[in-house]
Amino acid sequence: MITKTLKSALAIAIAAASTQVFASGFALNEQSVSGMGTNYAGRSSSAEDSTTVFGNPAGMARLKRQEVSLGAAAIIAKTDINDASGSAVLGGAITQPVAGSNDGDMVPFTAVPFGYYVNPLSDKWAVGFGVYAPFGLITDYEGSFQGRFFGDYSEVKVVTAQPTVSYRFNDQLSVGVGLTINRISGQLESAVPALATAESRVKIKGDDTALGYNVGVLYEFTPQTRAGLTYHSMVDYKLEGDTRISGSDLALGGIGAYGKYDASLKLKTPESADFSITHELDDQWTLYGGATFTRWSRLESIVVQNEGLNPTAGAQFGTIAEEQEWHDTWAYAIGASYQLNKQVVLRAGLGMDQSPTNNEHRSPRIPTGDRKTLSLGLGWSPTDDLTIDVAYSYLKEEDVDIDQSRAYAGGALVENYSSTYKNSAHGIGTQVSYRF
């Protein structure tokens with residue numbers, strides 16, 4: 001009875017997308033508040049502080065002194081769920097409504113921290129180190145959520161540590177590379193419908209550590225104009241954890257599935273390429289433009305391996321696969337900064353970001369659509385050694401429809417849920433950079 005439940009559980013718990021992150025899919029953009037002010041339009045070419053360790057490791061060549069940057073961005077999300085309906089079809093003939101609420105606002109207040117250090121060893125060599133979150137999500141619906149059989153809690157965290165080195169060939173060309181050490185963990189909880197007893201629950205946990213790399217090139221055409229290209233590699237994980245099923249065996253079709261089982265999932269987070277141009281018009285105005293390609297089409301399907309099931313259940317649930325059919329995406333941004341005086345710089349930017357999901361597979365766990373973003377920022381340098389950056393972003397997604405069905409107990413019970421999601425979010429961030 002729980003084939004579809006397990007299929008969605010570990011697969012989507014670890015790989016699904018939050019509705020409220022500021023990048024496509026389940027990627028995060030919040031690795032720099034100075035970059036956030038221009039909507040990350042010059043992420044691979046600006047190289048203005050040590051956050052370039054992530055944005056473009058080659059940009060470390062532009063920093064003249066040791067520098068530390070610490071910061072965090074907070075996400076305040078809002079979701080309205082409209083036109084919601086749920087039903088259960090028994091025996092292919094009897095249709096009953098599914099009771100429940102649709103409060104929305106399932107993303108709690110979330111902070112994304114980061115930290116970087118850069119040390120220029122000479123005119124040519126520089127080393128650096130960064131800790132940041134490239135991917136992440138959390139969705140936490142109310143317990144009575146009408147779509148709870150399609151998932152009511154998900155959390156995924158990826159934390160990356162990146163030692164980095166750069167080399168400057170001449171006044172124009174610099175390159176940089178960083179090894180990424182990535183730790184992923186995830187958890188999901190969802191309800192399982194019952195034929196004759198109270199609902200049961202499924203809880204999934206899994207984690208893994210894997211290696212990847214970032215490489216960047218920075219070319220300065222003139223002292224006023226530079227272009228950067230950064231490649232963030234794919235990371236290949238094998239998450240291992242457990243599946244816990246609590247409740248009554250009768251609620252799960254009487255197959256003896258109640259209990260705890262080992263579970264594993266192979267997952268590849270996608271590679272991306274970021275290209276941007278920075279042009280200083282004069283001593284006050286600087287323009288930025290950029291585009292990012294992300295290979296989300298790697299997420300074609302999810303295959304979950306479950307072990308420890310009894311022979312009756314194991315024949316059905318040993319290997320479970322689910323199609324995702326995500327597609328590659330492009331994100332675009334333009335921005336500008338204005339040097340108001342020696343101490344203060346003002347920033348602004350606009351962005352457009354495609355969603356990798358499709359209408360057929362969109363669910364309450366991944367109700368994302370294409371989005372537009374407006375950002376504003378300010379940098380204040382009270383001394384030559386210290387800079388404090390703050391930024392604000394507003395995100396608005398297109399309305400998206402959910403229309404999902406799932407069969408249980410060999411088709412004896414079919415659950416349906418449909419609704420329209422209206423998603424938006426506010427982001428605020430602060431960053432402190434100190435040079436010595």
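Read-outs throughout are calculated quantities, based only on the coordinates presented, and are distinct from any laboratory measurement. Here the structure is a predicted model, which is why all the values come from computation and not from measurement. In this analysis, Cβ positions are derived from the backbone assuming ideal geometry, glycine residues included, and neighbour counts consider all displayed protein chains.
On the principal axes of its alpha carbon atoms, the stretch 97-187 extends 70, 21, 18 Å, with the longest extent given first. Computed extension gain for V165 through L340, at 0.36 nm per residue and net of the alpha carbon distance, reaches 59.7 nm. Counting only alpha carbon atoms, the long axis of helix 3-15 and the longest principal axis of the chain meet at about 10°. Cβ crowding within 10 Å, taken as a proxy for footprinting-reagent exposure, orders I75, I277, I181, I94 from fewest neighbours to most as I94, I181, I277, I75. Taking a straight line from the alpha carbon of K203, these aspartates and glutamates sit under 20 Å away, with near neighbours fewer than eight places off in the same chain left out: D140, E142, D152, E155, E189, E240, D242, D249, D262, E307, E322, E415. Between amide H atoms placed 1.01 Å from N, distances below 5 Å from L340 occur with V345, L346, all of them 5 or more places distant or on a separate chain.
Annotation note: chymotrypsin sites (Phe, Trp or Tyr not before Pro) in the stretch 161-220 located in DSSP loop regions with a Cβ neighbour count of at most 14 within 10 Å are F169. Straight-line cross-link reach from K78 at under 21 Å between alpha-carbon atoms covers these lysines, not counting any fewer than eight positions away in the same chain: K157, K372, K396, K422. Phi angles of the stretch 78-92 translate, via the Karplus equation with coefficients 6.51, -1.76, 1.60 and θ = phi - 60°, into HN-Hα couplings of 9, 9, 10, 10, 10, 6, 8, 8, x, 8, 10, 10, 9, x, x Hz per residue; Gly and Pro are given as x.
Rounded to the nearest whole Hz, the Karplus-based 3J(HN,Hα) values (6.51 cos²θ - 1.76 cosθ + 1.60, θ = phi - 60°) of the stretch 66-71 follow the sequence 4, 8, 10, 10, 10, x, with x at glycine and proline. For a straight C-alpha distance cut-off of 26 angstrom, the lysines reachable from K124 (same-chain residues fewer than eight places away being disregarded) are K64. What's the magnitude of the charge dipole for the chain around its Cα centre, counting Lys and Arg as +1 and Asp and Glu as -1 at the beta-carbon? Answer in Debye, nearest 20. Its charge dipole is roughly 640 debye.
Using the rule -39500 (n - 2.57) for each DSSP H run of four or more residues, divided by the residues of the chain, the 222 nm mean residue ellipticity is -1500 deg cm²/dmol. With no solvent and one equal point scatterer placed on each C-alpha of the chain, evaluate the Debye formula and give log10 I(q)/I(0) for q = 0.07, 0.10, 0.12 Å⁻¹, two decimals. Log10 I(q)/I(0), no solvent term: -0.37, -0.70, -0.93.
All other residues whose Cβ lies under 10 angstrom from that of F436 are scored, Lys and Arg at +1 and Asp and Glu at -1, for a net of 0. The H on the amide N of Q66, modeled in the peptide plane, is under 5 Å from the matching H of F436, each at least 5 residues off or on a different chain. Distant-in-sequence amide contacts of G151, defined by a placed amide H-H separation under 5 Å and a gap of 5 or more residues or a different chain, comprise A191.
Neighbour counting of Cβ atoms within 10 Å sorts the residues F150, F221, F436, fewest neighbours leading, into F436, F221, F150. Of all segments of the chain bounded by trypsin sites (Lys or Arg not before Pro) found in a DSSP loop with no more than 12 other C-beta atoms within 10 Å, the longest spans 66-341. Of the options V414, S45, T373, report the single residue whose Cα projects farthest towards the positive end of the charge dipole of the stretch 3-435 (beta-carbon charges: Lys, Arg +1; Asp, Glu -1). About the Cα centre, the residue reaching furthest to the positive side is S45.
In plain terms, the chain from I181 to K124 could stretch by 18.0 nm, reckoned as 0.36 nm per residue minus the Cα-Cα distance.
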